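Participant: Below is the structure I would like to discuss, written out as structure tokens.
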Amino acid sequence: MRGSPLNVTSGSASLTLGVGVRMAIGGRLADLTVVKGTLDMLALKALTWRPMHGFEITRWLEGRSGRRLSLEDAALYQALYRMEKRGLVEAEWGATEENRRARFYRITPRGEAHLEAQATWWFDYADTLRDILLSVPGEV
Amino acid sequence: MSEHGGHDFRRVFRVLTRKRSDIASDVDEEMRIHIALRVDQLMAEGRSREDAEAEAHRLFASGEGTVRALHALARERDRRFHARESWQSWLQDLRYAIRGLVRSPSLSGFAVLTLALGIGLNLASFSVLDRLLLRDPPHVIEPDQLLRVYSTVELPSVGAQTSYWIPWPLYQSLRAGVTGFGAIGAYRVQERVVGEGMDARRMRVGQTTGAYLSLLGARPVRGRLFGREDDAGRVGPQALIGAAYWESHFGRDPAVLGRTLVVDETAYTIVGVMPAGFTGTELRRVDVWVLADSRSAGNMNWQIVGRIRPGTTGAGVDAELMAIHAGTEAEPDWFRSARVFAASVRSAEDGREPFEAVLARWLAVVSGVILLVAIANVVSLLLARLARRRRELAVRIALGSGRARVVRLLSLEGAVLVAASGVVSVAVASVSESLVRNALFADEVAWTFSLFDVQMTAALLATVLATALVVGLAPALRAGRDQPSGVLRAGPHGGHTRVRGALTVFQAAMSVLLLIGAGLFLRSLERVAALDLGVDRDRVIVASAELPRPTVFTVDAFAEYDRHETEVFRRLASAARRVPGVEAAAVAVGLPLDGGSIAASVHVAGMDSVPALPGGGPYASVVSAGYFETAGTSLLRGRAFTEADREGSEPVIVVSETMAARLWPGRSALNQCVRIGRPDNPCYRVVGVVKDVHRVGLREQPSLQYYIPLGQQSMFGGASLIVREAESGAVGWPGLRRALMDEEPTIRVVGLTWLRDALDGEMRPLRLGMVTFGLSGGLALLVAVLGLYSLMSYMVAWRTREIGIRLAIGATSGQITRLVIRSGTALVAMGVAIGLAIAVWSARFVEPHLFETRALDPAVFLTVAIVLLIVAILAGWLPARRAVAISPTEALRTE
């Protein structure tokens, strides 16, 4: 299962991340601000595909979310530097397909473990929120 | 993975070499690329370039604040990398240091051993010092407030004598009226019989007033203390038992409270259990505490301890003590003129620092010096190694390893050596500590030594760290000073060698001094071992058996008791002979070695009075048949006593060699008539002559001695049984005790000791001297040898070129060997001469403590000197062999 940690199933419900968020916010995703810490998780998820440079990660996230995640590009770099310091990702300069020089990030085993743990927590959290928000008045 | 490792290495290299501006431009570049790519993307979606650029910047939020924040984060990230890398490089250096030390096992072994000896000896002496001088008495609260009352009495024959023995009446007055002490109590500790039947043993019993234990602040682990108001007769007899006794006799049974404990025929009720290690204000162990009763109040020998009231001065207390002393009428006459004062409870019986404490302090100083010398030696050993590694290190520095890195490597080598020594030193410490402890205290002191207690661990760490600092830094600093280019050309450092030479001389002198001390005590012990005491000290067991004492004090009652005792002891001797492993057994009143024989005058025909000998006498012993063969005293002429020599048979005696020669010079003593006591008493016919025995101990003056058969004289009370083992260790003591108790059930206690135990008092200082001098001297010698060896190795290493030239121009290897050995031996010889001179000077301090040995014993001096020189030659020989193995061409290339 390593390398695709987001396939983790969390107890009661098997949901993709997108669905969980949608349920929680009641369908209004356009201005969704990315919660701190969640960005780390998202960037790590992107890197499970392959090593990417910063812009590639941005594009990947935008592609997955349909540009609905409101995210400053600078925040991504802050997250990446922080994670680099913690040893969750590592980076080195390389060349893009268009032969431009860019800094490529790669997830480390430690980063994979971190992603798995965070994602599990997030599912539990989302499930709990979902149960509360969907509860019908009069139910115990 | 190797590719990964390669990346890693390159990144490390970049990280280590990067500066702050590099990091910033990296971040800027990454940002620029991002925005450029974003602009491409937006333009591909159909935006204009201007529009796209504005939107890209907006999306990035590339304000000044953001950029600064990114720079800061990147810097922090790189610092972390740096820390990780430097940790890895430390580990790498550590591995390198360990590998290097393992590759030269003899050097590492010597260094570790030297330091371990030094550290271990210091730990051992610290533990002794700690117990005697530093540590508070266990379970006593604020012991600094406690003072003991001392008295100095002027005695006509002896002069002024200070002791802590105080008569009871003074205690009573103080208890009633003293204000300088907030609380005051009295106690005394004696050997008494505790328990009944087979369980009865002689134990150390503290008799205390009700207040003593509570004023110390001690708390029982079970039950309660004696109450302050429990003094003298108001409550029944009460006892507190120590934790050790609780465990050994009651199996830690919590229901022990309320049970009865018999101490010297009095039944005490156990009211509590004292914590392990509690000894009151005593250094020696106390097994049981009992409440003093009215019967003990008449006794003159009490120790008084008080807790000083806050704000009271020592001088104030002394003045008050004197005033109360002057107002106490009931004091005995001899005590009236005494000066009374208070002093620390740590002081010995005579009010001064205990002998053990003096010795412990001396040991601490000596071991401190030995550690310093050990450190100096290891440092020079490492410097010698450094001299051989100059090339390697120069290459490292030239390759860009950095001076700091080389310094670090050398420090690590030192630290590793010291750490290993710390581990080994624990073994050295525990061995030498138990040697010192046994010599100092036997097992009488309640000793709570543990290598793992806080103080010991702290002492170990402190010593190791201090040592590591010196050992690690000295060579490192030295190497740090060398210029890479200069290293290859640098010659020997003359000053340095001179210092090391002086160090060697000093060590040799110190070893000589300490070893001569050890030798003198060893010689004394040899003399003791060779001494003919007239009895066989090693195979004779003394069994004392206490019978119920007469309760009526009349002449008839004593005579009856005497007859009964004689009869019982005869039966006990027979019973003992049936015990497996027993070769012989006999009864005696007045044993040799412990001064137990009785002075009883004699009268012989033709002499107004018997000659007075320096040892005094004449002294009588009352002995049963078989006594002489049991004790191992040889019969020279005539016969020994038989079972037929008893009450009612013809009165006979056996006399000593000296007595026979003095009373009947030139004649045979046999069949002569001796009247004991008064001149008109009946005649005792001399039937035998035996060898003289040592009556009082090792140091013996000649005296007149004679023996009377058991039953023909009053026993004077106090018969003992002596038992001879068929071979060493043949007799089991519990079996012997059981056999005696079974034979006579009224026996209260059987005490078993060796006959030689009576010599302990005299043997102790000799053993003490032997152990302390021997231990410190032995270690000092080892340290000195290692030091000399390292010095010689160093000299050879640095004179390699010179040796090569000499070999090249035709010197033989014999000449070279002699040259090297001579230079080392000369230093040692100088040290030996200095050591001998100091030993001659200090002889007078040691001589009083020796036994039949002169402090200027030539054999000891000569032996020590020769040992030192032989050791010096051996220490030089190994490096010398290395020197002659050098080929001239190689030697010339080294410089």
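For (1) of a type in the set (D, E, K, R); (2) modelled with pLDDT of 80 or more, each residue gets a yes or a no:
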site: B:LEU115; (1), (2): no, yes
site: B:ASP130; (1), (2): yes, no
site: B:VAL140; (1), (2): no, yes
site: B:PRO143; (1), (2): no, yes
site: B:LEU155; (1), (2): no, no
site: B:SER173; (1), (2): no, yes
site: B:VAL178; (1), (2): no, yes
site: B:GLY182; (1), (2): no, yes
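Participant: Does B:THR312 qualify as being open to solvent by 20 Å² or more (accessible area, probe 1.4 Å) and modelled with pLDDT of 80 or more?
Facilitator: Working: open to solvent by 20 Å² or more (accessible area, probe 1.4 Å): yes; modelled with pLDDT of 80 or more: yes.
It is true that B:THR312 is open to solvent by 20 Å² or more (accessible area, probe 1.4 Å) and modelled with pLDDT of 80 or more.
Participant: Of the residues B:GLY109, B:GLY65, which is of a type in the set (Gly, Ala, Ser), open to solvent by 30 Å² or more (accessible area, probe 1.4 Å), in a helix (DSSP H, G or I) and closer than 30 Å to A:TYR81 by Cβ? Walk me through it before giving the result.
Facilitator: Numbers: B:GLY109 fails: closer than 30 Å to A:TYR81 by Cβ.
Answer to the selection: B:GLY65.
Participant: Every residue in segment B:233-271 that is in contact (Cβ under 8 Å) with a residue 24 or more places away in the chain and at positive phi, please.
Facilitator: Within segment B:233-271, the first condition is being in contact (Cβ under 8 Å) with a residue 24 or more places away in the chain, and the residues that meet it are B:233, B:235-246, B:249, B:254, B:256-257, B:261-271.
B:GLY233, B:ASP264, B:GLU265 - these are the residues of segment B:233-271 that are in contact (Cβ under 8 Å) with a residue 24 or more places away in the chain and at positive phi.
Participant: Can you spot a residue in segment B:229-251 that is within 35 Å of the chain's Cα centre (by Cα) and in a loop (DSSP other than H, G, I, E, B)? First the steps, then the outcome.
Facilitator: Going through segment B:229-251, the residues within 35 Å of the chain's Cα centre (by Cα) turn out to be B:239-251.
Narrowing the set further to residues that are in a loop (DSSP other than H, G, I, E, B) leaves B:251.
Yes: segment B:229-251 contains one or more residues that are within 35 Å of the chain's Cα centre (by Cα) and in a loop (DSSP other than H, G, I, E, B).
Participant: Kindly provide the set of residues from segment A:79-111 that are more than 7 Å from every other protein chain (Cβ to nearest Cβ), among the hydroxyl-bearing types (Ser, Thr, Tyr) and surrounded by 16 or more Cβ atoms within 10 Å (Cβ to Cβ), ordered by number.
Facilitator: A:TYR105, A:THR108, listed by residue number.
Participant: Which ones in segment B:45-62 are within 12 Å of another protein chain (Cβ to nearest Cβ) and open to solvent by 30 Å² or more (accessible area, probe 1.4 Å)? Talk me through it step by step, then tell me what you get.
Facilitator: Of the residues in segment B:45-62, the ones within 12 Å of another protein chain (Cβ to nearest Cβ) are B:45, B:55-62.
Across segment B:45-62, the qualifying residues are B:GLU45, B:GLU55, B:HIS57, B:ARG58, B:LEU59, B:SER62.
Participant: Just one of (1) within 21 Å of B:ARG678 (Cα to Cα); (2) out of contact with any Pro (no Cβ under 8 Å at 6 or more places or on another chain); (3) modelled with pLDDT of 80 or more trips up B:VAL587, so point out which.
Facilitator: With (1) within 21 Å of B:ARG678 (Cα to Cα); (2) out of contact with any Pro (no Cβ under 8 Å at 6 or more places or on another chain); (3) modelled with pLDDT of 80 or more applied to B:VAL587, the lone miss is (1).
Participant: Inside segment A:62-76, can you point out the residues that are open to solvent by 10 Å² or more (accessible area, probe 1.4 Å) and either facing chain B (nearest Cβ under 9 Å) or on the phi < 0 side of the Ramachandran plot (or both)?
Facilitator: Passing the criteria: A:GLU62, A:GLY63, A:ARG64, A:SER65, A:ARG68, A:LEU69, A:SER70, A:LEU71, A:GLU72, A:ALA75.
Participant: Name the residues in segment B:715-736 that are crowded, with 21+ Cβ neighbours inside 10 Å and within 13 Å of B:VAL582 (Cα to Cα), would you?
Facilitator: Within segment B:715-736, B:LEU721, B:ILE722, B:VAL723, B:ARG724, B:VAL731, B:LEU736 qualify.
Participant: Turning to a different aspect of this structure: Keeping to segment B:693-714, report how many residues are touching a helix residue (DSSP H, G or I) at 6+ places or on another chain (Cβ under 8 Å) and surrounded by fewer than 21 Cβ atoms within 10 Å (Cβ to Cβ).
Facilitator: 6
Participant: Looking only at segment B:15-37, count how many residues are within 11 Å of chain A (Cβ to nearest Cβ) and modelled with pLDDT of 75 or more. I'd like the intermediate steps shown before the answer.
Facilitator: Of all residues in segment B:15-37, those within 11 Å of chain A (Cβ to nearest Cβ) come to B:23, B:26-27, B:29-37.
Keeping just the survivors that are modelled with pLDDT of 75 or more gives B:26-27, B:29-37.
Residues that pass the stated criteria total 11.
Participant: Among the residues of segment B:77-98, is there at least one that is out of contact with any Leu (no Cβ under 9 Å at 6 or more places or on another chain), within 14 Å of chain A (Cβ to nearest Cβ), part of a helix (DSSP H, G or I) and within 30 Å of B:SER425 (Cβ to Cβ)?
Facilitator: Checked segment B:77-98: at least one residue is out of contact with any Leu (no Cβ under 9 Å at 6 or more places or on another chain), within 14 Å of chain A (Cβ to nearest Cβ), part of a helix (DSSP H, G or I) and within 30 Å of B:SER425 (Cβ to Cβ).
Participant: Where residues in segment A:44-61 are assigned to a helix (DSSP H, G or I) and facing chain B (nearest Cβ under 8 Å), which of them is nearest to B:ARG79 (Cα to Cα)? Before the answer, list the steps.
Facilitator: First pass over segment A:44-61, keeping only residues assigned to a helix (DSSP H, G or I): A:44-49, A:54-61.
Still in the list and also facing chain B (nearest Cβ under 8 Å): A:54-55, A:58-59.
Values: A:GLY54: 22, A:PHE55: 25, A:THR58: 27, A:ARG59: 30 Å.
Among residues in segment A:44-61 that are assigned to a helix (DSSP H, G or I) and facing chain B (nearest Cβ under 8 Å), the one nearest to B:ARG79 (Cα to Cα) is A:GLY54.
Participant: Taking only segment B:263-292 into account, find how many residues are surrounded by fewer than 18 Cβ atoms within 10 Å (Cβ to Cβ) and in contact with a Gly (Cβ under 7 Å, 6 or more places away or on another chain).
Facilitator: First, pick out the residues of segment B:263-292 that are surrounded by fewer than 18 Cβ atoms within 10 Å (Cβ to Cβ): B:264-267, B:269, B:275-277, B:284.
Filter again for in contact with a Gly (Cβ under 7 Å, 6 or more places away or on another chain), leaving B:269.
The number of residues fulfilling the criteria is 1.
Participant: Could you tell me which of the residues B:VAL655, B:VAL623 is in contact with a Phe, Trp or Tyr (Cβ under 9 Å, 6 or more places away or on another chain), more than 25 Å from B:ALA576 (Cα to Cα) and touching a residue at least 24 places away in the same chain (Cβ under 8 Å)? Please lay out each step first, then the result.
Facilitator: Values: B:VAL623 fails: more than 25 Å from B:ALA576 (Cα to Cα).
So the residue among B:VAL655, B:VAL623 that is in contact with a Phe, Trp or Tyr (Cβ under 9 Å, 6 or more places away or on another chain), more than 25 Å from B:ALA576 (Cα to Cα) and touching a residue at least 24 places away in the same chain (Cβ under 8 Å) is B:VAL655.
Participant: Follow-up question, since we're still on this one. For segment B:829-837, does any single residue satisfy the condition of being over 17 Å from B:LEU874 (Cβ atoms) and open to solvent by less than 30 Å² (accessible area, probe 1.4 Å)? Walk me through how you get there before you give the answer.
Facilitator: As a first pass, look at segment B:829-837 and keep what is over 17 Å from B:LEU874 (Cβ atoms): B:830, B:833-837.
Subset that is open to solvent by less than 30 Å² (accessible area, probe 1.4 Å): B:835.
The answer is yes, given that some residue of segment B:829-837 is over 17 Å from B:LEU874 (Cβ atoms) and open to solvent by less than 30 Å² (accessible area, probe 1.4 Å).
Participant: Still on this structure: Name the pairs whose Cβ atoms lie under 9 Å apart, with the first residue in segment B:64-82 and over 16 Å from B:ARG32 (Cα atoms), the second modelled with pLDDT of 85 or more and not in a helix (DSSP H, G or I), and 6 or more positions between them or separate chains?
Facilitator: Matching pairs, first to second residue: B:ARG80/A:GLY87.
Participant: Still on this model: B:GLY616: part of a loop (DSSP other than H, G, I, E, B) and open to solvent by less than 80 Å² (accessible area, probe 1.4 Å), yes or no?
Facilitator: Working: part of a loop (DSSP other than H, G, I, E, B): yes; open to solvent by less than 80 Å² (accessible area, probe 1.4 Å): yes.
Yes: the conditions hold for B:GLY616.
The values are calculated or read from the model by the stated rules, or taken from the named source; none is laboratory data. These numbers were taken from a predicted model, which means no experiment stands behind them. Ideal geometry is used to build each Cβ from the backbone, glycine not excepted, and the neighbour counts take in all protein chains shown. The area values use the complete protein model at the heavy-atom level, side chains included, leaving out ligands, DNA and RNA. Shrake-Rupley method; radii C 1.70, N 1.55, O 1.52, S 1.80 Å.
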